[in-house]
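Notes to accompany the following structure.
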Amino acid sequence: TSTFSEYTVAHAGCVAKINPEAPLDKVCVLSCGASTGMGAALNVAKPKKGSTVAVFGLGAVGLGAAEGARIAGASRIIGVDLNSERFEKAKLFGVTEFINPLDHAKPVQEVIAEKTDGGVDYSIECTGNVKAMIQAFESCHDGWGVAVLVGVPHSDAVFQTSPLNFLTERTLKGTFYGNYKPRSDLPGLVEMYLAK
């Protein structure tokens, strides 16, 4: 089925009842992109108040991840994207600073490590590009950093990193739909939107 269709046929088990006061032209985006990113932050990464978060990719999913990090109380949210035009919009979702990897001679994970005294507490990768996935993982701080992969890579993609990145206690996680259960969790997301 399509997120953007006017009508669709769906199995009853795939339908969630939401507040009838919700404007469908607004809450329709909660069915995939925005909620996937927000859930990746709130349900999987679970950033602590005052933590640092890097979000790789500032499309709909990345903006949702930034919003989730903002809601969780992250003090610094670093947006990473190859398209600098996305940076201004990302501020509306809590992004506090921006990095365009094309503006730097060194790998972005090194740039992030320099800006954050060793790496971020959490990173959320929302592009599906395996190079960005590796950068997101390697931008996490040794000892406690957590990277969450959200983007779906090409089936032939290979994720390569040094085993030392795991031995130094970085954590790598993945998620689909931000670990939300659509039937039970989507109505709550709609209520969160309505209360905003």
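Report those helices (runs of 4 or more DSSP H) wholly inside region 84-196 carrying at least 1 residues which are at pLDDT 95 or above and of a type in the set (S, T, Y). Outline the logic, then answer.
Numbers: elements: 87-91, 108-115, 130-138, 164-167, 182-195.
Here the list is empty.
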### Residue that is surrounded by the fewest Cβ atoms within 10 Å (Cβ to Cβ) [pool: residues in region 23-55 that are among the hydroxyl-bearing types (S, T, Y) and over 12 Å from the mean Cα position of the chain (by Cα)]
S31
### Summary
Of those in region 86-124 that are touching a residue at least 60 places away in the same chain (Cβ under 8 Å) and under 16 Å from the mean Cα position of the chain (by Cα), the residue farthest from V44 (Cα to Cα) is V120
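Can S139 be described as without any contact (Cβ under 8 Å) to a residue 12 or more places away in the chain and within 24 Å of V111 (Cβ to Cβ)? Working first, answer last.
On the way: without any contact (Cβ under 8 Å) to a residue 12 or more places away in the chain: no; within 24 Å of V111 (Cβ to Cβ): yes.
Criteria not met by S139.
Answer yes if at least one residue in region 166-185 is buried (at least 21 other Cβ atoms within 10 Å of the Cβ), within 23 Å of T36 (Cβ to Cβ) and of a type in the set (V, I, T), and no otherwise. Spell out how you get there, then give the answer.
As a first pass, look at region 166-185 and keep what is buried (at least 21 other Cβ atoms within 10 Å of the Cβ): 170, 178, 180.
From the residues that got through so far, the ones that are within 23 Å of T36 (Cβ to Cβ) too are 170, 178, 180.
If we keep only those that are of a type in the set (V, I, T) as well, we get none.
No, there is no match, as no residue in region 166-185 is buried (at least 21 other Cβ atoms within 10 Å of the Cβ), within 23 Å of T36 (Cβ to Cβ) and of a type in the set (V, I, T).
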### Task
Would you check if there is a residue in region 44-52 being in a loop (DSSP other than H, G, I, E, B), closer than 26 Å to T161 by Cβ, among the small types (G, A, S) and in contact (Cβ under 8 Å) with a residue 40 or more places away in the chain?
yes
### Message
If I ask for residues that are loosely packed, with under 10 Cβ neighbours inside 10 Å, of a type outside the set (S, T, Y) and assigned to a loop (DSSP other than H, G, I, E, B), which ones from region 5-22 would you list?
### Response
E6, V9, A10, H11, K17, P20, E21
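The values are calculated or read from the model by the stated rules, or taken from the named source; none is laboratory data. Here the structure is a predicted model, which means the values were calculated and not measured. With ideal geometry, Cβ positions are generated from the backbone for all residues, glycine too; neighbour counts draw on all protein chains shown.
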